[in-house]
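J.: Got a structure for you, written out below as structure tokens; questions coming shortly.
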Amino acid sequence: MALFDRNQRQRSSLCSTAAFVVFVALCLLGLWMVSSPETVPGAISLSSTEKAAAAVRASDAKEEDSSIDATNTVKQDSANVVAESTTTTIGEGGELAEDPAKPAGDAAKDGDGEKVSASSKDQTFDDENGRTEGGELVKPGSGGGDTDGGAAAQGKSAEEAAVETEQTSTDAKESVVEQTSTYTSESAAEQAAVTDGKDSGGGGMSGKKKLMFDDENGKMDGVDLAVKDDGNKTRVSEESAKVEPAKLTVNPIAKAKPAATDTDGTEHLPNAQAELLTERAAQNGSFTTQAAESTEEKKKRAASNKGNKNHGVKKKKPPAAPSTTWKLCNTSAGADYIPCLDNEAAIKKLKTDKHYEHRERHCPTSPPTCLVPSPAAYRDPIRWPHSRDRIWYHNVPHKALAEYKGHQNWVKVSGEHLTFPGGGTQFKHGALRYIDLIQEAAAPPELVDWGRRSRVVLDVGCGVASFGGYLFDRDVLTMSLAPKDEHEAQVQFALERGIPAISAVMGTQRLPFPGGVFDVVHCARCRVPWHIDGGMLLLELNRLLRPGGVFVWSATPVYQKLPEDVEIWDEMTKLTKAMCWEMVARTQHTIDDQVGVAIFRKPVNNNGCYDKRPQKEPPLCEPSDDPNAAWNIKLRACMHRVPEDRAVRGSRWPEQWPERLGKAPYWLDGGQTGVYGKPAPEDFAADLEHWRKVVRSSYLAGMGIDWKTIRNVMDMRAVYGGLAAALREMKVWVMNVVTIDSPDTLPVIYERGLFGIYHDWCESFSTYPRSYDLLHADHLFSKLKPRCKVLPVVVEVDRILRPNGKFIVRDDKETVDEIQSIVRSLQWEVRMTVSKNKEAMLCARKTTWRPTEVESR
């Protein structure tokens, strides 16, 4: 009995142990299945057809939520800056293979060049946009996918890493199966190659942030991309989790190479969960174009003057394709070459320069395809706001202005810097004191009210643009203009300081702005003979000034005593009275300020003065004269009537700033059709929301752009100014360019408190080389193709973009591929391309490379 009991107990113990082992095994199996939802028995898994149908239904649901077709945007879960990875290439069978030439253990570097530990996981990143905490640094894989190393980086055991490796492989295989019925953008051979390819970096994969390419039509996830802007270099890590039809191409960022030798250094990471990059259906809607307005105005004038045979904007003959060898431009302007302002052959043919014809635009018949050299010892500009006070001398190596205006404290040479004291004869106690003096002098002060009522200013004869530079402190945008070389490099100084400016002159043609858009026009130390030629120059300012806006004229004592200046003042005051401008303030210089200010206000209606003038000089313009026609239109000595219809632009003052930024102008009503086909106010709102999403999700977070290095931005094809509005919180300013053959939306841009300019990109832009930190082109190049070639426009981009500046392009894939080929031949760094449904996006960085060969004259 005892023996029986003992055996019974042994058998009971063994059964208990076996039961416990089975129970634990079942638990582990259940835990494994729960943690690995993709790995399910084939009997209960969805068929590939069912999965494809589900994917299509999900995509359709996302498309229904689309309010406006969007560009590709890039999201990252937390930190928008991640660590450096090793260079990757496409291996055999579609595998990602790391560049053996690059050490696997290189530490990542932050934006200032400091090393960051590769084992760091939780970091805090500080930038101008705020603080990002808890972001994970992506640790580079170690040549061929070291599973143990990847697990160790995340604090995991070898067993956990092995499970993740197996799961990653299973996921990749299943994702290919799921795409069978929907994946049509890649060839069968490419799909087979990817299907056969094994993910050798499973361990490293688990430690990376997953990015999502997002737009209003849906999201494209499953792509891991890390981009870091590290000073003058860019670090990128990427890996594909799924194979889907949209194609993402990310440059592994090795040393920049010409296109001919850098054809396989990119990764193609397809994805099919979004409708990306589809061009919004742009149309003119209720808007005309600047080309049509200017051409019509010229036809009207030609009809009244039969001898005038100028019939408007001519269609340019595309230039012949240049040689494949890049050469430096051979011009007397050297590193400061502006093709349309330095056309010596055209300038020599001028019969007179009495009205500054030699400072106006005279573009070459064929746009140049040579590259402008950079100054010796050029370096990255000093960052804003420090750049307002000093710049690198070697970036703008000109001393003449410092010597000529040294006693006036405009600019001084101080070692390796050029400094701008901000004082001088005009701003003895600083520019801000002068700015406040203007507001205090106005009667009432609310007539100026910087940063609320007065938001957009035109500064004529700006000098080095200190006035505009300090108006930023009052939340005011200033368009500063001055002719090239009138005072050596003054506009170039302004742009290098991070202050908006263009090279232009008040000569014989209208300035490239619509009528009635500036809240304030300012001219300091003005020796402009406003009264000559029937007062055409002051009448041009009258065209540009908003009804109810003010013209601020100021002068130091010396400008108030010289006989020539006294004559100009006397004649100007007579002319302003005849123009019905009211002098609302006039201050004599004091011992402290030593500057006199006169403020004139443009009338808000026609009844008060225009119709009651005893003398009809200057005359009113003919009703057919379009004040918005501004492209190559000759000046005329006449005044346009003030709009009085309450539904017409100019009859009311805009909303106060900043409310005016996000509110559709009162003169855009639901009966008008917007550029994208919706009622104009809805079109305006949808465009703003679109660009806010793009900027937030992509430009600020996903392209690896260090926005602390960005100050001067140009939107080369602005519509409503949505990009500039979305960047409002950034410490940047945006030059909005409305092309002459696009819907004329520039008045909308000004109405919302932004600024811009008309331009034809088949010609050179009126700015110095190396002026902008970032250029943005949204479907610009494809629309230019009927009139001009892509290559000269890219060469112009190279001219005005600073070394290490960024270039973002959205366009059809054929055009983007052409641009990518050109910038690669320029040895630019192509950071990223995304393409889908014949649409594509490109982000590239200009390098410091310049050719050594100089073109022959």
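The values are calculated or read from the model by the stated rules, or taken from the named source; none is laboratory data. All values reported here derive from a predicted model rather than from experimental measurement. Note that we place each Cβ from the backbone using ideal geometry, even for glycine, and neighbour counts take in every protein chain shown. Remember, those area values only see protein heavy atoms, side chains included, never the ligands or the DNA or RNA. Shrake-Rupley method; radii C 1.70, N 1.55, O 1.52, S 1.80 Å.
Conditions (1) assigned to a helix (DSSP H, G or I); (2) among the hydroxyl-bearing types (Ser, Thr, Tyr); (3) open to solvent by 10 Å² or more (accessible area, probe 1.4 Å); (4) within 21 Å of SER466 (Cα to Cα), marked per residue:
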{"residue": "ARG527", "(1), (2), (3), (4)": "no, no, yes, yes"}
{"residue": "LEU538", "(1), (2), (3), (4)": "yes, no, no, no"}
{"residue": "ARG546", "(1), (2), (3), (4)": "no, no, no, no"}
{"residue": "GLU567", "(1), (2), (3), (4)": "yes, no, yes, no"}
{"residue": "GLU571", "(1), (2), (3), (4)": "yes, no, yes, no"}
{"residue": "CYS580", "(1), (2), (3), (4)": "no, no, yes, no"}
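J.: Next question, about the same structure. Just give me the residues in the stretch 357-394 being among the polar types (S, T, N, Q) and under 22 Å from the mean Cα position of the chain (by Cα), in sequence order. Walk me through it before giving the result.
T.: Applying the first criterion (among the polar types (S, T, N, Q)) to the stretch 357-394 yields 365-366, 369, 374, 387.
Passing the criteria: only SER387.
J.: Here are VAL642, VAL604: which of them is open to solvent by 30 Å² or more (accessible area, probe 1.4 Å) and assigned to a loop (DSSP other than H, G, I, E, B)?
T.: Details: VAL642 fails: open to solvent by 30 Å² or more (accessible area, probe 1.4 Å).
Going through VAL642, VAL604 in turn, just one is open to solvent by 30 Å² or more (accessible area, probe 1.4 Å) and assigned to a loop (DSSP other than H, G, I, E, B): VAL604.
J.: Answer with yes or no whether GLU617 is out of contact with any Gly (no Cβ under 7 Å at 6 or more places or on another chain) and under 19 Å from VAL456 (Cα atoms).
T.: Spelling it out, it is not the case that GLU617 is out of contact with any Gly (no Cβ under 7 Å at 6 or more places or on another chain) and under 19 Å from VAL456 (Cα atoms).
J.: What's the total number of residues in the stretch 654-688 that are open to solvent by less than 60 Å² (accessible area, probe 1.4 Å), among the polar types (S, T, N, Q) and within 27 Å of the chain's Cα centre (by Cα)?
T.: The number of residues fulfilling the criteria is 1.
J.: Here is a follow-up. I need a count of the residues in the stretch 616-653 that are more than 35 Å from the chain's Cα centre (by Cα) and among the acidic types (Asp, Glu).
T.: 4
J.: Of the residues TRP581, TRP530, only one is aromatic (Phe, Trp, Tyr), at pLDDT below 90, closer than 30 Å to ARG613 by Cα and over 26 Å from the mean Cα position of the chain (by Cα); which? Even if it seems obvious, please write down each step before you answer.
T.: Values: TRP581 fails: at pLDDT below 90.
Testing whether each residue is aromatic (Phe, Trp, Tyr), at pLDDT below 90, closer than 30 Å to ARG613 by Cα and over 26 Å from the mean Cα position of the chain (by Cα) leaves just TRP530.
J.: Taking the stretch 348-392 on its own, how many of its residues are of a type in the set (D, E, K, R), closer than 20 Å to GLN492 by Cβ and open to solvent by 50 Å² or more (accessible area, probe 1.4 Å)?
T.: The total comes to 7.
J.: OK, next. Please determine, by comparing only the residues of the stretch 393-412 that are touching a helix residue (DSSP H, G or I) at 6+ places or on another chain (Cβ under 7 Å) and modelled with pLDDT under 90, which one is most open to solvent (accessible area, probe 1.4 Å).
T.: In this case the residue turns out to be LYS412.
J.: Residues to consider are SER764, SER856; find the one that is polar (S, T, N, Q), surrounded by 23 or more Cβ atoms within 10 Å (Cβ to Cβ) and outside any helix (DSSP H, G or I).
T.: Exactly one residue qualifies, and that residue is SER764.
J.: Enumerate the pairs (first residue in the stretch 618-641 and at negative phi; second residue anywhere and aromatic (Phe, Trp, Tyr)) with beta-carbon separation below 7 Å, excluding pairs fewer than 6 apart on the same chain, so at least 6 apart or on different chains.
T.: Matching pairs, first to second residue: LEU620/TYR610; ALA630/PHE513; ALA630/TYR758; TRP631/TYR758; ARG641/TYR610.
J.: Please go through (1) more than 26 Å from the chain's Cα centre (by Cα); (2) in a loop (DSSP other than H, G, I, E, B) for ILE435 and return the number of the only condition it doesn't satisfy.
T.: Of (1) more than 26 Å from the chain's Cα centre (by Cα); (2) in a loop (DSSP other than H, G, I, E, B), only one is false for ILE435: (2).
J.: Same structure, new question: Suppose the filter is open to solvent by 10 Å² or more (accessible area, probe 1.4 Å) and free of Cβ contacts under 8 Å to residues at least 60 places away in the same chain; does PRO444 pass it? Walk me through it before giving the result.
T.: Values: open to solvent by 10 Å² or more (accessible area, probe 1.4 Å): yes; free of Cβ contacts under 8 Å to residues at least 60 places away in the same chain: yes.
Yes, satisfied.
J.: Filter the stretch 805-822 down to the residues that are outside any strand (DSSP E or B) and open to solvent by 10 Å² or more (accessible area, probe 1.4 Å), then identify the one that is nearest to TRP691 (Cα to Cα).
T.: Ranking the candidates gives LYS813 first.
J.: Could you tell me how many of the residues in the stretch 656-691 are hydroxyl-bearing (Ser, Thr, Tyr) and within 30 Å of ASP449 (Cβ to Cβ)?
T.: Selection size over the stretch 656-691: 1.
J.: Anything in the stretch 447-463 that is surrounded by 22 or more Cβ atoms within 10 Å (Cβ to Cβ) and modelled with pLDDT of 90 or more? List them, or say none.
T.: Residues satisfying the conditions are VAL448, SER454, ARG455, VAL456, VAL457, LEU458, ASP459, VAL460.
J.: Filter the stretch 485-523 down to the residues that are in contact with a Pro (Cβ under 9 Å, 6 or more places away or on another chain), closer than 27 Å to PRO385 by Cβ, in a loop (DSSP other than H, G, I, E, B) and open to solvent by 10 Å² or more (accessible area, probe 1.4 Å) and list them by number.
T.: The answer is ALA504, and nothing else.
J.: Answer yes or no as to whether ILE749 is open to solvent by less than 10 Å² (accessible area, probe 1.4 Å), closer than 18 Å to TRP657 by Cα, β-branched (Val, Ile, Thr) and at pLDDT 95 or above.
T.: When the stated conditions are applied, ILE749 passes them.
J.: Same structure again: Report yes if some residue within the stretch 780-802 is basic (Lys, Arg), in contact (Cβ under 8 Å) with a residue 24 or more places away in the chain, closer than 19 Å to GLY721 by Cβ and open to solvent by 10 Å² or more (accessible area, probe 1.4 Å); otherwise report no.
T.: Among the residues of the stretch 780-802, at least one is basic (Lys, Arg), in contact (Cβ under 8 Å) with a residue 24 or more places away in the chain, closer than 19 Å to GLY721 by Cβ and open to solvent by 10 Å² or more (accessible area, probe 1.4 Å), which makes the answer yes.
J.: Here's something else I'd like to know. Quick test for you: out of GLY805, GLY753, pick the one residue that is in contact with a strand residue (DSSP E or B) (Cβ under 6 Å, 6 or more places away or on another chain) and under 30 Å from GLN490 (Cβ atoms).
T.: GLY805
J.: Out of the stretch 524-536, which residues are farther than 16 Å from GLU564 by Cβ and in contact with a Phe, Trp or Tyr (Cβ under 8 Å, 6 or more places away or on another chain)?
T.: ALA524
J.: Tell me, yes or no, whether the stretch 828-837 has at least one residue that is open to solvent by 10 Å² or more (accessible area, probe 1.4 Å), out of contact with any strand residue (DSSP E or B) (no Cβ under 7 Å at 6 or more places or on another chain), closer than 30 Å to ARG497 by Cβ and not aliphatic (A, V, I, L, M).
T.: No, because not a single residue in the stretch 828-837 is open to solvent by 10 Å² or more (accessible area, probe 1.4 Å), out of contact with any strand residue (DSSP E or B) (no Cβ under 7 Å at 6 or more places or on another chain), closer than 30 Å to ARG497 by Cβ and not aliphatic (A, V, I, L, M).
J.: Go through the stretch 433-460 residue by residue and tally those that are under 16 Å from LEU477 (Cα atoms) and in contact with a Lys or Arg (Cβ under 8 Å, 6 or more places away or on another chain).
T.: Matching residues across the stretch 433-460 total 4.
J.: Kindly provide the set of residues from the stretch 648-663 that are among the charged types (D, E, K, R) and either at positive phi or out of contact with any Lys or Arg (no Cβ under 8 Å at 6 or more places or on another chain) (or both), ordered by number.
T.: Initial filter on the stretch 648-663 (among the charged types (D, E, K, R)): 649, 652, 655, 659-660, 663.
Of everything in the stretch 648-663, those that are among the charged types (D, E, K, R) and either at positive phi or out of contact with any Lys or Arg (no Cβ under 8 Å at 6 or more places or on another chain) (or both) turn out to be ARG649, GLU659.
J.: Another question, then. Out of all the residues in the stretch 694-708, is one or more open to solvent by less than 20 Å² (accessible area, probe 1.4 Å), polar (S, T, N, Q) and either without any contact (Cβ under 8 Å) to a residue 12 or more places away in the chain or in contact with a Leu (Cβ under 8 Å, 6 or more places away or on another chain) (or both)?
T.: There is no residue in the stretch 694-708 that is open to solvent by less than 20 Å² (accessible area, probe 1.4 Å), polar (S, T, N, Q) and either without any contact (Cβ under 8 Å) to a residue 12 or more places away in the chain or in contact with a Leu (Cβ under 8 Å, 6 or more places away or on another chain) (or both).
J.: Separate question: For the stretch 470-478, check the following and say yes or no: at least one residue is open to solvent by less than 10 Å² (accessible area, probe 1.4 Å), modelled with pLDDT under 90 and in a loop (DSSP other than H, G, I, E, B).
T.: No, that holds for no residue.
J.: Another question about this same structure. Looking for something of a type in the set (Val, Ile, Thr), modelled with pLDDT of 95 or more, farther than 21 Å from LEU328 by Cβ and not in a strand (DSSP E or B) - is there at least one such residue anywhere in the stretch 823-839?
T.: no
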